[in-house]
1. Charges on Cβ only, +1 for Lys and Arg, -1 for Asp and Glu, centred on the Cα centroid of the chain; of 27, 55, 44, which one is farthest towards the dipole's positive end?
2. Kirkwood Rh, the range 1-90, all Cα pairs: how many Å?
3. Rounded to the nearest 20 Debye, what is the dipole magnitude of the chain about its Cα centre when Lys and Arg each give +1 and Asp and Glu each give -1 at the C-beta?
4. For the peptides 80-87, 60-67, what is the packing order when you average, over each peptide's residues, the other Cβ atoms within 10 Å and list the highest mean first?
5. Around residue 33, with a cut-off of 9 angstrom between Cβ atoms, what is the net charge of the other residues, counting Lys and Arg +1 and Asp and Glu -1?
6. For the chain, what relative contact order do you get, as a whole percent, if you take Cα pairs closer than 8 Å and at least 6 residues apart?
7. What is the percent carbon and sulfur in the accessible area of the range 35-95, measuring with a 1.4 Å probe over the protein chains and ignoring ligands?
8. Measuring with a 1.4 Å probe in the full set of protein chains, what accessible area per residue, in whole Å², belongs to the chain?
Amino acid sequence: MSLPKLQPLLHRVAETGRAAVPFTLDGEPASALAGDTVLTAVLTQAAQLRRSEFSGAPRAGFCMMGACQDCWIATEQGERLRACSTFIAPGMALVTGRSSA
């Protein structure tokens, strides 16, 4: 059973002319722009970055500079990345944990 698609948290209003970067998000094809952080790439596609491992509540980053622990996201391979300070790369396969909610 597929979950309903939620509206993205961020909406791009400028800089739309950069090259597209394909990646997957929760197993679905997605696209970001060259130079986007993983945080920007995910939140322009989804309503959350991940789910809290403690409460299960949706998380979307907090400090935006790598000082807190709120922006960790997992790859399909199990690697953890800081979404606010890691740039999106072609072929990244990211998991928000939304399907386990």
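1. Among 27, 55, 44, the one farthest towards the positive end of the dipole of the chain is 55.
2. 13.6 Å is the Kirkwood radius here.
3. Dipole size: approximately 160 debye.
4. Numbers: 80-87: 17.2, 60-67: 14.1.
The peptides rank, most packed first, as 80-87, 60-67.
5. Working: positive: 12, 18; negative: 15, 36.
Local charge sum for residue 33: 0.
6. Relative contact order comes out at 31 percent.
7. 58
8. The answer is 60 Å² per residue.
The values are calculated or read from the model by the stated rules, or taken from the named source; none is laboratory data. Bear in mind the structure is a predicted one, so any value in this text is a computation, not a measurement. We place every Cβ from the backbone using ideal geometry, glycine too, and count neighbours over all the protein chains shown. Heads up: the accessible areas ignore ligands, DNA and RNA and are worked out on the full protein's heavy atoms, side chains in. Shrake-Rupley method; radii C 1.70, N 1.55, O 1.52, S 1.80 Å.
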